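A short reminder: the numbers here are calculations on the coordinates, not readings from a lab. Bear in mind the structure is a predicted one, so any value in this text is a computation, not a measurement. Because the Cβ atoms are built from the backbone with ideal geometry, glycine has one as well, and the counts that use them run over all protein chains shown.
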Amino acid sequence: MKKFLLYFLLLSLPFAVEAQFDKLKDSVVQFYGVVMTADSLQGIPSVSIVVKGQHRGTFTNEQGVFSIVVMKEDQIEFSSIGYKPRLVDVPKNLEGNQWSIIQLLVTDTMYLPATIIRPRPTREQFERDFVNTKVPDDEIEIARQNNSAVKRRILAQGLPSDAREAASYYLRQNATKYSYYGQNPPQNIFNPLAWADFIEAWKRGDFKNNN
């Protein structure tokens, strides 16, 4: 009995998969069209087209044309800065697997608070206010300290290297290894340039214990 059930399941499995595939194939829709302004009928580029609730979508090209694969009964949201968003429902009883539309977006008017610019009564008052204005220099002082030679050396020693620096160091190490392959690499103890760098570092105090 168990073997009969197993054979029955194996024989019915392809038909079940095919039926499920046919059902899914009928629900898939190639959704395409163009997004235009409602007043001048100009294509709107870079409009965000998102399938609501699924975190996937696309953008319109420079002419406002788009194309995306959706499912029947999906909700498609069109949004762009300066325009009111629009929500479109894919028809449930759509015939075929293609659907094209011309979506119009209306300009979203935003009112900003008024800014009133008043001049100083006299030039002397402007010069007095300009000179006496307190400009905070905290960030400027921090930037000045970070650009000093000592702070740059400290940051270079403490900060981890990024991907470009790590790759460059790795390639230099391999280049040095291959250059002296089959022979002993030179020792820096006999390199006068290395001794000069060591003396300069000693003068700068790089080897002092700051603790």
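Here are the numbers for this structure:
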{"read-out": "Residue among SER40, MET71, GLN157 farthest towards the positive dipole end of the chain, charges placed on Cβ", "value": "GLN157"}
{"read-out": "Excluding exposed DSSP-loop GluC sites (Glu not before Pro) (at most 12 other C-beta within 10 Å), longest clean stretch of the chain", "value": "96-211"}
{"read-out": "Long pairs among LYS151/LYS203; LYS177/LYS208; LYS177/LYS203, criterion Cα-Cα beyond 26 Å", "value": "LYS177/LYS208; LYS177/LYS203"}
{"read-out": "In the range 107-157, the chymotrypsin sites (Phe, Trp or Tyr not before Pro) that fall in loop regions by DSSP, at most 16 other Cβ within 10 Å", "value": "TYR111"}
{"read-out": "Alpha carbon centroid spacing (whole Å) that separates the range 93-132 from the range 134-209", "value": "48 Å"}
{"read-out": "Of the trypsin sites (Lys or Arg not before Pro) in the range 107-137, those whose Cβ has at most 11 other Cβ within 10 Å and which sit in DSSP loop", "value": "LYS134"}
{"read-out": "Cα gyration tensor category, rounded, prolate or oblate, for the chain with a/c compared to 1.5", "value": "oblate"}
{"read-out": "Shape of the range 82-205, Cα gyration tensor, a/c cut at 1.5", "value": "oblate"}
{"read-out": "Reachable aspartates and glutamates, given that their alpha-carbon falls under 13 Å from the alpha-carbon of LYS52 and they are not under 8 places away in the same chain", "value": "GLU73, ASP74, GLU77, ASP89"}
{"read-out": "Size of electric dipole in the chain: Cβ of Lys, Arg +1 and of Asp, Glu -1, about Cα centre, debye, nearest 20", "value": "740 debye"}
{"read-out": "Helix-only [θ]222 nm of the chain, DSSP H runs n ≥ 4, -39500 (n - 2.57) each, per residue, nearest 500", "value": "-13000 deg cm²/dmol"}
